[in-house]
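First comes the structure, then the notes that go with it.
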Amino acid sequence: MYASSLAPPAAPVSIPQPRGFVKDDLGDKHGAIDDHSQAIAINPQYAFAYFNRGIAKSDLGDKQGAIDDYNQAIAINPKDIDFYINRGLVKFVLGDKQGAIDDHSQAIAIDPHCADAYLNRAATWQSLANTTQMCADLAVASRLGDSVAQEYFDRMCQ
């Protein structure tokens, strides 16, 4: 009776994922990617495995691979703002400023109280020399309690 109740599940979906976090934290990005890929092989609908693999790929310079993983995570779970924020950050680095704005705007549409999305979108507006939009986003992020946004707003928008 006890042996059967202690038996491991048939498909331990979450086992590789925490190991991937540990490897990532230790700087083993390739090992993290392998572990996240293993989690995806076990459960192809595991959005966070794609997301975390995307982070590791981005850290290794594989920006397009990261975007591909973020796209997959978003296809599985289109309501997670972190997926859009990270994809927007990578798009910004790749020079796709409109794509970055679109992703941060989508994160804001999902959660209008996410100061990070406003702050990241403000940085993109700044890179496009759109001070009006930059200051508007910094003001909202400041009202939401982001001290970095408040500092930038005070310095650049007053």
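No lab work stands behind these numbers, since they all come straight from the coordinates. Here the structure is a predicted model, which is why all the values come from computation and not from measurement. With ideal geometry, Cβ positions are generated from the backbone for all residues, glycine too; neighbour counts draw on all protein chains shown.
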Quiz item: Can you give the three extents of the C-alpha atoms in the stretch 21-104 along their principal axes, from longest to shortest, in whole Å?
Solution: 33, 25, 17
Exercise. Note down the nm distance, to one decimal, between modelled labels 7 Å out along Cα→Cβ at residue 139 and at residue 93.
Key: 3.2
Exercise. Any chance you could get the radius of gyration and Dmax over the Cα atoms of the stretch 55-107, in Å?
Key: 10.0, 26
Quiz item: For labels at residue 77 and residue 128 in the simple 7 Å Cα→Cβ model, what's the distance in nm?
Solution: 2.9
Quiz item: What list of ³J(HN,Hα) values in whole Hz, one per residue of the stretch 74-85 in order, does the Karplus curve 6.51 cos²θ - 1.76 cosθ + 1.60 (θ = phi - 60°) give from phi, with Gly and Pro shown as x?
Solution: 5, 4, 7, 9, x, 9, 8, 5, 4, 5, 5, 4
Self-check item: Cut-off 19 Å (backbone N to label point 7 Å along Cα→Cβ of residue 30), residues of the stretch 66-86
Solution: 66
Practice problem: Using only the alpha carbons, work out the radius of gyration and Dmax of the stretch 19-158 in angstrom. | Solution: 16.1, 53
Practice problem: Take each of the peptides 98-104, 44-50, average the number of other beta-carbon atoms within 10 Å over its residues, and list them starting from the highest. | Solution: 98-104, 44-50
Practice problem: Mark the label point 7 Å from the Cα of residue 59 along Cα→Cβ and return the residues of the stretch 86-129 whose backbone N is within less than 19 Å of it. | Solution: 86-91, 93
Quiz item: Taking 0.36 nm per residue of separation and subtracting the Cα-Cα distance, what length does fully extending residue 156 through residue 42 add?
Solution: 36.2 nm
Practice problem: Report the dimensions of the stretch 80-158 along its three principal axes from the alpha-carbon atoms, largest first, rounded to Å. | Solution: 30, 25, 16
Quiz item: By per-residue mean of other Cβ atoms within 10 Å, what is the highest-first order of 115-122, 90-97, 126-133, 144-151?
Solution: 115-122, 90-97, 144-151, 126-133
